[in-house]
Amino acid sequence: MSRATQVVGTPATLAARSTNSQESQRVSAHKCQPRKVSGRDQVELQRLRAPTAGLNAKSYRATARGRRSAVRPMAALADDFAADVVEAEADQAVFWDKLQCVDFHDPNAPEIFTKSLKETGFAVLVTHPLTPGLVDDVYSEWRDFLTKCAESPELREKYYFDKEKQDGYFPMDVAEKAKGASVKDIKQYYQLYFPDGKYPSDDVSNNARQLYDEMHSLGKTLLQWIDDYMDPEVKKKLPCTLVDSLSYPDTMLRVLHYPAYDDADQPLGAVRAAAHEDINLITVLPSGSSRGLEVFSKEDECWYEVPCRTQSIVVNIGDMLQEMTDGDYVATTHRVVKKEDKIGGPDRMSVPCFMHPYPDVYLSKRYPTSQDFLMERLRELGVI
């Protein structure tokens, strides 16, 4: 099968309604309610398996009548992702209509990816070059390790984070809180910098090292795509290309564990990760071990759940890219909440890789260096 026949399309496209399709099926989904998440109603989401490629929802509906074709591998991947997409009311569907499911290997992937990133603040890779199974291996190994750190005073002390370097183990009682939030997030995590950070070699394998290298390489490619498709007027104002600004030793891999918890035992308003924007250029985020990631659409003024599909990768814009481009690329507001169901288990693992520029890279008049911006945000997060 040639790459030209593979499917790239929006979740709205791939989950288009078709009452006449024998392949459509009933999938439970939550209806998005403006400005809130709780109290969502159950709706029926019917989907048709990919007879058309690269069309938006309107074009899909216009051509889907009577057209059928064999199910393609990429179609199945994108369709699986689309099956869990939160379906908005018709007047709120703009967000998901613009979001693209991107095949990393498709010749048009760079353009499709950057368009989605520009219009929605994030994009989804349903195929990618990371080693199959590596993310799951890291989740399994580090879930056990972080649980031991929480239970063992010796391990806690051995790997406790360095306030100056910001690497090491962050227990739940010192976890960050989102900018403007009054309570800490319900999470524990380990921050990794390479090649010289505090890696717990005595207690874990080198899987996380390998994952970092692969994700950093992927992030470099994605930044090159953004460079290639950036507005020339915006691009000429940058101090250097994004890919040249990317720093290997300053990019950070965070292994996150959101433990299971009872709401009654937590402070009022506490969630796994309160609404926030990331600090860095872009974040490369493999699918978590269970549901919970939500993104805020400023246009629709409501939260959308990001489908939790194994092997997919979410990429979102961070504040530094927004600052460097003077708002041409807008940082994505997102959060992590506890879901009532137990899909994937009651806890949640996640491994975001935050792509950071070198400390002396110029951002703006307000922030002459990225280090100035970083220090301000770390103080706001309460970790320094």
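The values are calculated or read from the model by the stated rules, or taken from the named source; none is laboratory data. The structure displayed is predicted, hence computed values, not measured ones. All Cβ positions, glycine included, derive from the backbone under ideal geometry; neighbour counts span all protein chains shown. Keep in mind that these areas ignore ligands, DNA and RNA; they rest on the heavy atoms of the full protein, side chains included. Shrake-Rupley method; radii C 1.70, N 1.55, O 1.52, S 1.80 Å.
Relative contact order (percent) for the stretch 288-366, with alpha-carbon contacts under 8 angstrom and 6 or more residues of separation? Let's see the in-between values first.
Details: 89 pairs, mean separation 30.6, N = 79.
In percent, rounded to a whole number, it is 39.
Using the structure shown, list the pairs from LYS198/LYS237; LYS163/LYS236; LYS220/LYS365; LYS165/LYS187 with a Cα-Cα distance above 32 Å, or answer none. Walk me through the numbers before you get to the answer.
Values: LYS198/LYS237 37 Å; LYS163/LYS236 37 Å; LYS220/LYS365 26 Å; LYS165/LYS187 20 Å.
In this structure, LYS198/LYS237; LYS163/LYS236 lie more than 32 Å apart at Cα.
Could you work out how far apart the two model spin labels at VAL174 and ASN206 are, taking each label as a point 7 Å from the Cα in the direction of the beta carbon, and quote it in nm?
2.9 nm
When only the heavy atoms of the protein chains count and the probe is 1.4 Å, how do ILE112, ILE186 rank by accessible area, highest first? The partial results should precede the final answer.
Numbers: ILE112 35, ILE186 5 Å².
Correct descending sequence by accessible area is ILE112, ILE186.
What whole-number value in Å² describes the accessible area per residue of the stretch 112-239 for a 1.4 Å probe?
Working: 5960 Å² over 128 residues.
Per-residue value: 47 Å².
Given a Förster distance of 45 angstrom, what is the FRET efficiency for GLU164 paired with ASN108, based on the Cβ-Cβ distance and rounded to 0.05?
Values: r = 45 Å, r/R0 = 0.99.
That gives a FRET efficiency of 0.50.
Just subtract the alpha-carbon distance of LYS235 and SER217 from 0.36 nm times their residue separation and send over the number in nm, one decimal.
Details: separation 18, 0.36 × 18 = 6.48 nm, distance 2.20 nm.
Using 0.36 nm per residue and subtracting the Cα-Cα distance, I get 4.3 nm.
Please identify the trypsin sites (Lys or Arg not before Pro) of the stretch 348-384 that satisfy two criteria: DSSP loop assignment and at most 13 other Cβ atoms within 10 Å. Which are they? Mind dumping the intermediate values first?
On the way: sites: ARG348, LYS365, ARG366, ARG377, ARG379; in loops: LYS365, ARG366.
Sites meeting the loop and neighbour criteria: LYS365, ARG366.
Using a 7 Å offset from the Cα along the Cα-to-Cβ direction at both TYR358 and ASP196, what is the distance between the two label points in nm, to one decimal?
1.5 nm
With a 1.4 Å probe and all protein chains left in place, how much accessible area per residue does the stretch 288-375 have, in Å²?
Working: 3400 Å² over 88 residues.
Averaged over the residues of the stretch 288-375, the accessible area is 39 Å².
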